[in-house]
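To keep things clear, I will list the structure first and then write my remarks on it.
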Amino acid sequence: MREALARAHANIALVKYWGKRDEERILPMNGSISMTVDPFYVTTAVTFEDGLPEDRLVLNGLDAAAVDQRRVTTFLDRIRALARVDARAVIRSENHVPTGAGLASSSAAYAALAMAATRALGLNLSPTDLSKLARQGSGSASRSVYGGFVEWLKGNREDGEDSYAVPLAPPDYWDIRMVMAIVDSGPKSVSSRDGMRSVVETSPFYAGWQATVESDLAAVRNAILRRDFAVLGQVAEANAFKMHATTMGAVPPFTYWSGTTIEVIRRVQQMRGEGVPAYVTIDAGPHVVVLCEPQHASWVEASLAVVPGVKEVVQAGPGPDAREVDAW
Ligand code: 2P0
């Protein structure tokens, strides 16, 4: 039996991945920078067994939906081709990330799956090759191979060989916090995959997004290296607003924000008026991630918890690399 157990942490982008230039290989239009986060992770066991008729994906103890099973099989087919094996696998995954809510669950899921499946088959990929592989499951998963602060280089090649993540700084380099305000919502209505396709194809504001992303990348990279929190926060917040502006220009227009999203943004703007440096970033969902420094984190947490419509508040710091683990 060929089996391995691996864990990867989710990441939240400070400069967003938003738009693909190749849907099949998952090649991005632009580079992105993220922080891997501590409390949100996925642990996945992959067991290849001869004679299984098909792959079986079990998420948190329940058989996954057919669409998720197919996506995982397509991904494992790449790994089977690399290892020259035919065996199907049982994949058991425990998710410690709020799923389907725009909080980066696929980033952790495909990074953990890439590591567990390759190790199970005896493939000892370099982190760079693992990042390229994880990218083909879900773009943001390329970044979850590393802990701390990470940049996904967009690359220019058609085959994707130069599109992978690199570590910018390890988790203990800089202790900043992401306080996540989880707002009341069901599963999101537009997936990030569909949303980014729509803006690339139809939004006149997509060109504006593309025009400033390189300078945002340079500013955030430097802010991390210099540990300059104000610059990091300002540029990350502006970058997120530009990403969300593209959705309003799409045909048909859409937004990931709810009323509570805006209330949380207002509260954070007030915090700055009160002298607390705090900044927002928002992914493809209504939840708001508030960046702050450790000495303000408890106060920020308490302030967000009382905004009407906020269901839960969770604090995250920089998290570790993806790795094999001995136990769930
Ligand atoms: C990010 N997002 O950089 C951006 C910001 C959402 C908004 O990466 O289609 O699940 O699987 O490559 O990685 C979410 O998109 O998309 C995402 P696919 P993914 O974190």
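Scan the range 171-190 for residues that are loosely packed, with under 15 Cβ neighbours inside 10 Å, assigned to a loop (DSSP other than H, G, I, E, B) and out of contact with any strand residue (DSSP E or B) (no Cβ under 6 Å at 6 or more places or on another chain) and jot them down.
Scanning the range 171-190 gives Asp175, Gly186, Pro187, Ser189.
Quick test of your reading of the structure: Asp283 fulfils all but one of (1) assigned to a helix (DSSP H, G or I); (2) open to solvent by 10 Å² or more (accessible area, probe 1.4 Å). Name the failing condition by number.
That leaves (1) as the condition not met.
Just for the range 1-17: of the residues that are part of a loop (DSSP other than H, G, I, E, B) and open to solvent by 10 Å² or more (accessible area, probe 1.4 Å), which one is nearest to the ligand (Cβ to nearest atom)?
Among residues in the range 1-17 that are part of a loop (DSSP other than H, G, I, E, B) and open to solvent by 10 Å² or more (accessible area, probe 1.4 Å), the one nearest to the ligand (Cβ to nearest atom) is Tyr17.
crowded, with 21+ Cβ neighbours inside 10 Å, part of a strand (DSSP E or B) and touching a residue at least 60 places away in the same chain (Cβ under 8 Å): does that describe Val264?
No, not satisfied.
Can you tell me which of (1) within 23 Å of Ala238 (Cβ to Cβ); (2) modelled with pLDDT under 95 is the one Ala297 doesn't meet?
In the conditions (1) within 23 Å of Ala238 (Cβ to Cβ); (2) modelled with pLDDT under 95, Ala297 misses (2) alone.
Answer yes or no: is there a residue in the range 44-54 that is out of contact with any Leu (no Cβ under 6 Å at 6 or more places or on another chain), near the ligand (Cβ under 10 Å from one of its atoms) and either of a type in the set (A, V, I, L, M, F, W, C) or open to solvent by 50 Å² or more (accessible area, probe 1.4 Å) (or both).
No, because not a single residue in the range 44-54 is out of contact with any Leu (no Cβ under 6 Å at 6 or more places or on another chain), near the ligand (Cβ under 10 Å from one of its atoms) and either of a type in the set (A, V, I, L, M, F, W, C) or open to solvent by 50 Å² or more (accessible area, probe 1.4 Å) (or both).
Out of all the residues in the range 84-98, which are more than 25 Å from the chain's Cα centre (by Cα) and part of a loop (DSSP other than H, G, I, E, B)?
Arg84, Val85, Asp86, Ala87
Return the total of residues in the range 301-328 being closer than 30 Å to Leu168 by Cα and of a type in the set (Val, Ile, Thr).
Number satisfying all stated conditions: 3.
Considering every residue within the range 141-158, establish whether at least one is open to solvent by less than 30 Å² (accessible area, probe 1.4 Å) and over 16 Å from the mean Cα position of the chain (by Cα).
For the range 141-158, residues open to solvent by less than 30 Å² (accessible area, probe 1.4 Å) and over 16 Å from the mean Cα position of the chain (by Cα): present.
State whether one or more residues within the range 78-93 are in contact (Cβ under 8 Å) with a residue 60 or more places away in the chain and either within 16 Å of the ligand (Cβ to nearest atom) or charged (D, E, K, R) (or both).
Within the range 78-93, not a single residue is in contact (Cβ under 8 Å) with a residue 60 or more places away in the chain and either within 16 Å of the ligand (Cβ to nearest atom) or charged (D, E, K, R) (or both).
So Gly122 passes all but one of these: (1) within 16 Å of the ligand (Cβ to nearest atom); (2) closer than 24 Å to Ala165 by Cβ; (3) touching a Lys or Arg at 6+ places or on another chain (Cβ under 9 Å). Which condition number does it fail?
(1)
Could you check how many residues of the range 201-218 are surrounded by fewer than 20 Cβ atoms within 10 Å (Cβ to Cβ) and not in a loop (DSSP other than H, G, I, E, B)?
10
Which residue out of Asp38, Asp68 is in a strand (DSSP E or B) and either on the phi < 0 side of the Ramachandran plot or surrounded by fewer than 19 Cβ atoms within 10 Å (Cβ to Cβ) (or both)?
Asp38
Phe75 versus (1) assigned to a helix (DSSP H, G or I); (2) under 26 Å from Ala219 (Cα atoms): which is the lone unmet condition?
If we test Phe75 against (1) assigned to a helix (DSSP H, G or I); (2) under 26 Å from Ala219 (Cα atoms), just (2) comes out false.
Looking at Ser107, Ser131, can you tell me which residue is within 11 Å of the ligand (Cβ to nearest atom), touching a residue at least 12 places away in the same chain (Cβ under 8 Å), hydroxyl-bearing (Ser, Thr, Tyr) and buried (at least 19 other Cβ atoms within 10 Å of the Cβ)?
Sole residue among the options that is within 11 Å of the ligand (Cβ to nearest atom), touching a residue at least 12 places away in the same chain (Cβ under 8 Å), hydroxyl-bearing (Ser, Thr, Tyr) and buried (at least 19 other Cβ atoms within 10 Å of the Cβ): Ser107.
The values are calculated or read from the model by the stated rules, or taken from the named source; none is laboratory data. Because the structure is a prediction, the values reported are computed rather than measured. No Cβ is skipped: glycine too gets one built from the backbone with ideal geometry, and neighbour counts run over all protein chains shown. Accessible surface areas use protein heavy atoms only, side chains included; no ligands, DNA or RNA. Shrake-Rupley method; radii C 1.70, N 1.55, O 1.52, S 1.80 Å.
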